[in-house]
Each structure stands twice: as structure tokens, then as C-alpha cells.
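What follows is a single structure, written as C-alpha cells, with notes after it.
The values are calculated or read from the model by the stated rules, or taken from the named source; none is laboratory data. Since the structure is predicted, the reported quantities are computational estimates derived from the model, not experimental observations. Here the Cβ is made from the backbone with ideal geometry for all residues, glycine too, and neighbour counts use every protein chain on show. Just so you know, the surface numbers come from the protein's heavy atoms only, side chains and all, with ligands and any DNA or RNA stripped out. Shrake-Rupley method; radii C 1.70, N 1.55, O 1.52, S 1.80 Å.
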Amino acid sequence: MKQLTKFQSALFLIGGILLVVGTGLYVFQIVQHVACWIGLAGALLFAFMQLMQRYEGSDFVVRRLRRIVLLSDFLFVISGFLMVESQYRFLLPFFDNMTVYIQYIYNKWIITLLIAAILQLYTGHRLSNELKKENKR
């Protein structure tokens, strides 16, 4: 796995912190109109830095886990956009009524964020074990 530089690692850490802080502020209804943008910026930065980590090996398991990480990153970014959407309701005019909008869009960021977080936990644990095995070979 390609290692990030110190600067990229710092950006990765900042992205994760911004994602957590923005989401926490939004959940606890503290400056939600700003918190959603902080969460989105953190998700974008976090995902971009994980995209920078490339795997050039041929181990099928690590490649599969890497694809799961990319799916998780995509879900983090979708969560950020849905959080902003839940705050500002940009898509509401495209729906027939508020009920349909609430059913399909409003506060669905929680679901995508939960799935992304579970996938990150799973792949983080498995990737470290698989990379240790690969280095021993």
C-alpha cells in the first residue's frame, strides 16, 4: 500500500476530524447551517486522501478490501451532500410534495454515514491484518 506523505497524512487526519466535528455539531443542532458544510468538507478531504493511497500489489483480498474502502468513501461524500440537503432543501422543488421528499431524501444522510462508518471499521481492521500477512511472505 502506498504510504501518504506527512502533509497528506495531516490532511487525512484533518478531514476525519472535520467530518466528525461537523456531524456532531449537526446532530446536536449547534450552528447546523455551518456544521453541514464542515461535515461535507471533511468527507471530501477524507475521501480524497484515501483515494491517494494506492495498492499496487496483486493480492485479491487486499484489492477487494480496497474497493470496499472506496465504496465507503463514496458513502461518506454522499452523506455530506445529504446533510447539506437536509439543512437547505435544494431538491425540494423537484418533488411533488413534502411527504415524498421526506420519505426519500430528508435526513437519509444518517443511513449512508452509518454504513460508511461500519465499512471503514471492517476494512481498517482487515486491511492491516492482510497487509501484515503480505509483508511476511
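Only one of D59, D73, D96 is of a type in the set (D, E, K, R) and within 12 Å of the chain's Cα centre (by Cα); which? It would help to see each step written out before you state the result.
Values: D59 fails: within 12 Å of the chain's Cα centre (by Cα); D96 fails: within 12 Å of the chain's Cα centre (by Cα).
None of the other options fit; the residue is D73.
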| task | Would you confirm whether any residue within the stretch 45-54 is over 30 Å from R137 (Cβ atoms) and surrounded by fewer than 19 Cβ atoms within 10 Å (Cβ to Cβ)? | result | yes
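Scan the stretch 2-44 residue by residue and report those that are part of a loop (DSSP other than H, G, I, E, B) and under 27 Å from Y55 (Cα atoms). Reasoning before the result, please.
Pass one, the stretch 2-44, residues part of a loop (DSSP other than H, G, I, E, B): 2-5, 28-31.
Passing the criteria: K2, Q3, L4, T5.
Looking at the stretch 1-15, which of the residues that are more than 24 Å from K132 (Cα to Cα) and in contact (Cβ under 8 Å) with a residue 24 or more places away in the chain is surrounded by the fewest Cβ atoms within 10 Å (Cβ to Cβ)?
Keep residues of the stretch 1-15 that are more than 24 Å from K132 (Cα to Cα), which gives 7, 11, 14-15.
Pick out the ones that are also in contact (Cβ under 8 Å) with a residue 24 or more places away in the chain and you get 11, 14-15.
Working: L11: 17, I14: 15, G15: 21.
Ranking the qualifying residues of the stretch 1-15, first place goes to I14.
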| field | Count of the stretch 63-106 residues which are open to solvent by 50 Å² or more (accessible area, probe 1.4 Å), closer than 17 Å to W37 by Cβ and of a type outside the set (A, V, I, L, M, F, W, C) | value | 3
| query | Taking the stretch 1-50 as the search range and keeping residues that are modelled with pLDDT under 95 and of a type in the set (A, V, I, L, M), which one is farthest from the chain's Cα centre (by Cα)? | reply | M1
